[in-house]
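Below: one structure, written as structure tokens.
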There are 2 protein chains.
Amino acid sequence: MTEPTFRIGFLLFPGMTQLDMTGPYEVLSRLPGSAIHLVWKEAGPVASDRGLAIVATDSFVTCPPLDLICVPGGPGINELLTDAPVLDFIRHQAWGARYITSVCTGALVLGAAGLLYGKRATTHWMSHDLLAAFGAVPVKARVVTDGRLITGGGVTAGIDFALTILAELGGRELAQAVELGLEYDPQPPFGTGSPERAGPELEARMRALSDRIQGLRAEQVRRAAAALAPA
Amino acid sequence: MTEPTFRIGFLLFPGMTQLDMTGPYEVLSRLPGSAIHLVWKEAGPVASDRGLAIVATDSFVTCPPLDLICVPGGPGINELLTDAPVLDFIRHQAWGARYITSVCTGALVLGAAGLLYGKRATTHWMSHDLLAAFGAVPVKARVVTDGRLITGGGVTAGIDFALTILAELGGRELAQAVELGLEYDPQPPFGTGSPERAGPELEARMRALSDRIQGLRAEQVRRAAAALAPA
């Protein structure tokens, strides 16, 4: 008997931050016996927030049942939070999946699908205070595991997140080899990769720059949370 | 007068390691006043070594003169090393570019185009000993700058590489803000991201697994270096 294929699915969507997805893709595609599906409402090119277009391999209709679903983040999540077909697709897949996962603000989409209630989770630092609206228990960490829910922090945390998952699925030796193959011995040039390290001035500047999109996001989170609440 | 657009071009090719390109893309696309061109022999989807398809925006013919050219790496470079139209395109663009750059084994393609002679450069650790064939001065570092040539190490080194370039082009404050925005405060789960850190046993195992492709690569490097040598 041959081992059945382990099916990994990433949600693609217009306005995603592509590195939220391409980082984990690079790692998880090295799991032997796995197949990756890139899924959006229809197959074909999907443009990221900065323009890079990645080709979705499946639509919501053609996508097979997934063993692991991963929702990346990005400015485009604001619209997903109240997009019923997207939330239905995620809920439907989550029902049978072994792992339900997100990187960056993809966690808020899981929240809007009702999948974070009572669960420990993380997201991009700037949206961290929005997790509680979905009944999540917010945790500040690059990777947070709560049963079959695994969430990663902002953007580049997706690499740490995926190596953690790879070790769980394929063993520690495999994950160590992939870390070496990807030469993942990072040396951030400025040491400003978290609010704690960057200091209050830079954090405040970044928050001011994102004021508009974060305001719209908070409004969408309120709507999505209200839709989940029992009448 | 408006500032002219700073044109950044990435070479796409079949069998590229997409994170070599998508990491730097995520960083450099945040340079104000820049435009990114993804270039291959023809515009349209190009499949990476693990299957992910990214859409090339330009062909060699439609691509405008670039201010910065970046060549990512991956298994597919083996064929590029003796591909005259590719090497001609790179040489042609390099003539007028402010920066000539590579990530991972993309450096060997720059070498085959004759652009590494007498220059300090780096590449993926497993191909590092092939740099000398092109007259380069091999340096073990994640980012190596020699005049207008900037080379990055293997795969994830592209993020450090791009933040370094971003600081040069847009200032240190911008690069610090992008490092925070991408939450680049990495915590590699296993600490095996370089041969030195991984130890000789894991290094030997990885080299054995890549024996065939590295053998073909060494043969292609010999051919490319011979083609560059004066008769």
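The values are calculated or read from the model by the stated rules, or taken from the named source; none is laboratory data. From a predicted model like this one, the values you see are computed outputs, not experimental measurements. Using ideal geometry, Cβ is built from the backbone for each residue, glycine included, and neighbour counts are taken over all protein chains shown. Note: areas computed on protein heavy atoms with side chains; ligands, DNA, RNA excluded. Shrake-Rupley method; radii C 1.70, N 1.55, O 1.52, S 1.80 Å.
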Out of B:M16, B:M21, sole residue that is open to solvent by less than 20 Å² (accessible area, probe 1.4 Å) and either part of a loop (DSSP other than H, G, I, E, B) or of a type in the set (S, T, N, Q) (or both): B:M16
Residue match in segment B:62-77 (condition: surrounded by fewer than 24 Cβ atoms within 10 Å (Cβ to Cβ) and out of contact with any Gly (no Cβ under 9 Å at 6 or more places or on another chain)): yes
Failed condition for B:M126, given (1) more than 9 Å from chain A (Cβ to nearest Cβ); (2) open to solvent by 10 Å² or more (accessible area, probe 1.4 Å); (3) of a type in the set (A, V, I, L, M, F, W, C): (1)
Breaking point among (1) out of contact with any helix residue (DSSP H, G or I) (no Cβ under 7 Å at 6 or more places or on another chain); (2) within 14 Å of another protein chain (Cβ to nearest Cβ), for A:R30: (1)
Which listed residue, of A:A132, A:A113, is of a type in the set (G, A, S), without any contact (Cβ under 8 Å) to a residue 40 or more places away in the chain and surrounded by 19 or more Cβ atoms within 10 Å (Cβ to Cβ): A:A113
Residue match in segment A:2-10 (condition: of a type in the set (S, T, N, Q), under 20 Å from B:R50 (Cβ atoms) and within 11 Å of chain B (Cβ to nearest Cβ)): no
In segment A:150-167, residue nearest to A:H128 (Cα to Cα) [restricted to those that are touching a Lys or Arg at 6+ places or on another chain (Cβ under 6 Å) and part of a helix (DSSP H, G or I)]: A:A157
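Within segment A:196-221, track down each residue that is touching a residue at least 40 places away in the same chain (Cβ under 8 Å) and in a helix (DSSP H, G or I).
To start, the set of residues in segment A:196-221 that are touching a residue at least 40 places away in the same chain (Cβ under 8 Å) comprises A:206-207, A:210, A:213-214, A:216-218, A:220-221.
Of everything in segment A:196-221, those that are touching a residue at least 40 places away in the same chain (Cβ under 8 Å) and in a helix (DSSP H, G or I) turn out to be A:M206, A:R207, A:I213, A:Q214, A:L216, A:R217, A:A218, A:Q220, A:V221.
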Unmet requirement for B:T151, which otherwise passes all of (1) open to solvent by less than 20 Å² (accessible area, probe 1.4 Å); (2) over 22 Å from the mean Cα position of the chain (by Cα): (2)
Top-ranked residue of segment A:168-212 - restricted to ones that are over 26 Å from A:S127 (Cα atoms), hydrophobic (A, V, I, L, M, F, W, C) and within 7 Å of another protein chain (Cβ to nearest Cβ), ranked as surrounded by the fewest Cβ atoms within 10 Å (Cβ to Cβ): A:A177
Failed item in (1) hydrophobic (A, V, I, L, M, F, W, C); (2) more than 18 Å from A:S48 (Cβ to Cβ); (3) touching a Pro at 6+ places or on another chain (Cβ under 8 Å), with B:M21 passing the rest: (2)
